[in-house]
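Since the structure comes first, as structure tokens, the remarks are kept for the end.
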Amino acid sequence: MLTGGRLACPDGVLDDGWLSVSGGRIAELGTGAPPEGRQVDVRGALVVPGFVDTHCHGGGGASFSTTDPAEAARAIAAHRRHGTTTMLASLVSDPIGVLTDQLAALSELVEDGELAGVHLEGPFIAQARCGAHDPAALREPDTSAVDSLLDASRGHVRMVTLAPELTGGIKAVRQLTESGVIAAIGHTDGTEEQVRPAVDAGATVATHLFNGMRPLHHREPGPVGVLLDDERVTVELICDLVHVHPTVLRLAARHAGQDRTVLVTDAMSATDAADGTYTLGRLAVDVRDGVATLAGNGALAGSTLTMDAAFRNLVHGAGLSVTDAVRATASRPAELLGIADRTGRLCRGLQADLVLLGDDLCPMGVLRRGEWVTRSDH
């Protein structure tokens with residue numbers, strides 16, 4: 001029984017709240033005097049749903065671009081300590097054979113309940129906007145290549161990012177959608193005329209809006225204009241205040257609204273680890289003062305962001321509300337993944353995936369499925 005907290009419920013924050021956990025689920029919650037039970041006084045902490053990250057490449061010095069499930073598990077543990085109780089493992093572009101081996105390893109963790117699925121960020125992306133992806137690994141999205149990847153994952157690929165202007169791009173969007181996989185638009189140099197048909201074909205996510213795509217122009221809105229303005233599209237935002245300026249974050253989040261905004265980390269292996277030299281896929285990355293850039297050209301190479309920091313940045317840096325932050329870090333991404341009946345909100349019967357935040361919005365404790373991951377007594 002957690003008592004003395006502020007509960008970030010779907011309809012607003014409940015002061016002087018209590019929440020009981022039983023069998024790994026939220027049993028009851030309310031305000032005022034709690035019922036009988038073993039009580040843990042959370043001392044005014046803000047209790048929010050466990051974070052749901054739909055775009056993450058690694059952390060704790062470990063990468064998801066691996067065939068070793070133990071390495072991937074270290075990355076999961078690093079983010080879990082920061083409140084991410086549900087996540088997709090994201091893979092950068094690699095040859096199809098390499099990706100199929102990585103998918104086989106990650107699928108074990110999905111089947112063990114450690115991951116919610118896998119996100120393929122490539123290899124079907126544009127050379128001109130490949131960012132920190134190996135240009136040699138990029139290819140067009142032909143039917144057989146898409147099928148090979150989906151088959152290798154044993155049904156656990158949940159999202160694929162592609163550039164719709166590539167030959168076969170629109171067909172691939174339809175193929176993914178018909179297979180129950182989220183088609184995301186990203187790393188694209190497409191014009192409005194090339195991107196809009198992909199949304200019409202079923203694409204529903206903008207991969208880290210603004211980053212890795214043709215920029216917005218007042219005479220050619222490009223992918224940013226199409227994806228931000230279309231009510232059918234959920235937009236990812238990397239909220240580290242490096243990838244996107246706070247003012248732009250605020251503009252995008254306010255325009256997309258609570259039902260279309262999702263914060264992601266796009267974190268790489270250096271997250272929750274020391275500065276130094278790392279790899280993202282096959283490319284060398286320098287991390288200085290927490291900013292990851294390609295060793296070759298200085299381009300941003302993912303982030304070292306954690307979801308608790310993204311939460312703080314949206315509130316303190318971009319000036320949005322706690323309710324907005326809860327929606328963007330938990331309930332909306334859970335809806336996107338089709339798991340809102342299990343997690344993402346403080347509601348009776350859902351998994352007890354919880355983060356306790358102090359006055360500074362830093363974690364004081366994390367529970368996943370009713371078990372403490374971390375807990376501070378201060």
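The values are calculated or read from the model by the stated rules, or taken from the named source; none is laboratory data. Everything numeric here is computed off the predicted structure, so don't read it as measured data. Cβ: placed from backbone, ideal geometry, glycine included. Neighbour counts: every protein chain shown. The protein model used for the area step is the full one, side chains on, heavy atoms only, and it has no ligands, DNA or RNA in it. Shrake-Rupley method; radii C 1.70, N 1.55, O 1.52, S 1.80 Å.
Criterion first (more than 30 Å from Pro197 (Cα to Cα) and surrounded by fewer than 19 Cβ atoms within 10 Å (Cβ to Cβ)) does Ala318 satisfy it? Break it down stepwise before answering.
Working: more than 30 Å from Pro197 (Cα to Cα): yes; surrounded by fewer than 19 Cβ atoms within 10 Å (Cβ to Cβ): no.
No, not satisfied.
Conditions tested, residue by residue: (1) over 25 Å from Thr374 (Cβ atoms); (2) basic (Lys, Arg).
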site	(1), (2)
Arg74	no, yes
Gly83	no, no
Val92	yes, no
Ala104	yes, no
Leu120	yes, no
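So Gln39 ticks every box in (1) more than 23 Å from the chain's Cα centre (by Cα); (2) closer than 29 Å to Thr304 by Cα; (3) surrounded by fewer than 15 Cβ atoms within 10 Å (Cβ to Cβ); (4) not basic (Lys, Arg) but one. Which box is left unticked?
Failed condition: (2).
If a residue must be within 26 Å of Ala284 (Cα to Cα) and either open to solvent by less than 20 Å² (accessible area, probe 1.4 Å) or within 13 Å of the chain's Cα centre (by Cα) (or both), how many such residues does segment 47-62 contain? Reasoning before the result, please.
Residues of segment 47-62 within 26 Å of Ala284 (Cα to Cα): 53-62.
Then keep just the ones that are either open to solvent by less than 20 Å² (accessible area, probe 1.4 Å) or within 13 Å of the chain's Cα centre (by Cα) (or both); that gives 53-59, 62.
Total meeting the criteria: 8.
For residues that are open to solvent by 30 Å² or more (accessible area, probe 1.4 Å) and either in a loop (DSSP other than H, G, I, E, B) or in contact (Cβ under 8 Å) with a residue 12 or more places away in the chain (or both), tally how many sit in segment 212-227.
Filtering segment 212-227 down to residues open to solvent by 30 Å² or more (accessible area, probe 1.4 Å) leaves 214-221.
If we keep only those that are either in a loop (DSSP other than H, G, I, E, B) or in contact (Cβ under 8 Å) with a residue 12 or more places away in the chain (or both) as well, we get 214-216, 218-221.
Within segment 212-227, residues that are open to solvent by 30 Å² or more (accessible area, probe 1.4 Å) and either in a loop (DSSP other than H, G, I, E, B) or in contact (Cβ under 8 Å) with a residue 12 or more places away in the chain (or both) number 7.
Taking the condition surrounded by fewer than 21 Cβ atoms within 10 Å (Cβ to Cβ) and either part of a loop (DSSP other than H, G, I, E, B) or among the acidic types (Asp, Glu) (or both), does Gly44 pass? Before you say what the answer is, go through the steps one by one.
On the way: surrounded by fewer than 21 Cβ atoms within 10 Å (Cβ to Cβ): yes; either part of a loop (DSSP other than H, G, I, E, B) or among the acidic types (Asp, Glu) (or both): yes.
Considered against the rule, which asks whether it is surrounded by fewer than 21 Cβ atoms within 10 Å (Cβ to Cβ) and either part of a loop (DSSP other than H, G, I, E, B) or among the acidic types (Asp, Glu) (or both), Gly44 comes out as yes.
Which one of the conditions (1) open to solvent by 20 Å² or more (accessible area, probe 1.4 Å); (2) touching a residue at least 24 places away in the same chain (Cβ under 8 Å); (3) at positive phi; (4) within 19 Å of the chain's Cα centre (by Cα) does His208 fail to meet, given that it meets all the rest?
Going through (1) open to solvent by 20 Å² or more (accessible area, probe 1.4 Å); (2) touching a residue at least 24 places away in the same chain (Cβ under 8 Å); (3) at positive phi; (4) within 19 Å of the chain's Cα centre (by Cα) one by one, His208 breaks only (1).
Can you tell which of Gly17, Gly4, Gly37 is outside any loop (DSSP other than H, G, I, E, B) and on the phi > 0 side of the Ramachandran plot? It would help to see each step written out before you state the result.
Values: Gly17 fails: on the phi > 0 side of the Ramachandran plot; Gly37 fails: outside any loop (DSSP other than H, G, I, E, B).
That would be Gly4, the only listed residue that is outside any loop (DSSP other than H, G, I, E, B) and on the phi > 0 side of the Ramachandran plot.
May I ask you to say which residue of Gly12, Gly23 is on the phi > 0 side of the Ramachandran plot and open to solvent by less than 50 Å² (accessible area, probe 1.4 Å)?
Values: Gly23 fails: open to solvent by less than 50 Å² (accessible area, probe 1.4 Å).
Gly12 is the lone residue from the list that is on the phi > 0 side of the Ramachandran plot and open to solvent by less than 50 Å² (accessible area, probe 1.4 Å).
Just give me the residues in segment 327-357 being among the small types (Gly, Ala, Ser) and crowded, with 16+ Cβ neighbours inside 10 Å, in sequence order. Full working, then the answer.
Residues of segment 327-357 that are among the small types (Gly, Ala, Ser), as a first pass: 328, 330-331, 334, 338, 340, 344, 349, 352.
Result: Ala328, Ala330, Ser331, Ala334, Ala340, Gly344, Ala352.
For segment 248-265, what are the residues that are in contact (Cβ under 8 Å) with a residue 12 or more places away in the chain and not charged (D, E, K, R)?
Val248, Leu249, Ala252, Ala253, His255, Ala256, Gln258, Thr261, Val262, Leu263, Val264, Thr265, listed by residue number.
Would you mind listing the helices (runs of 4 or more DSSP H) fully within segment 94-201 where at least 2 residues are in contact with a strand residue (DSSP E or B) (Cβ under 8 Å, 6 or more places away or on another chain) and within 26 Å of Gly222 (Cβ to Cβ)? Outline the logic, then answer.
On the way: elements: 96-111, 143-152, 169-178, 192-201.
Helices (runs of 4 or more DSSP H) meeting the threshold: 169-178, 192-201.
Identify the residue in segment 63-109 that is farther than 16 Å from Val157 by Cβ and among the charged types (D, E, K, R) and, among all such residues, is most open to solvent (accessible area, probe 1.4 Å).
Step by step, filter segment 63-109, then rank; the result is Arg74.
Could you go through segment 113-132 and let me know if any residue there is surrounded by fewer than 23 Cβ atoms within 10 Å (Cβ to Cβ), within 17 Å of Arg282 (Cβ to Cβ) and in contact with a Pro (Cβ under 9 Å, 6 or more places away or on another chain).
Scanning segment 113-132 turns up at least one residue that is surrounded by fewer than 23 Cβ atoms within 10 Å (Cβ to Cβ), within 17 Å of Arg282 (Cβ to Cβ) and in contact with a Pro (Cβ under 9 Å, 6 or more places away or on another chain).
Go through segment 358-378 and give me each residue that's out of contact with any Gly (no Cβ under 6 Å at 6 or more places or on another chain) and surrounded by 23 or more Cβ atoms within 10 Å (Cβ to Cβ).
Listed by number, the list holds a single entry, Leu367.
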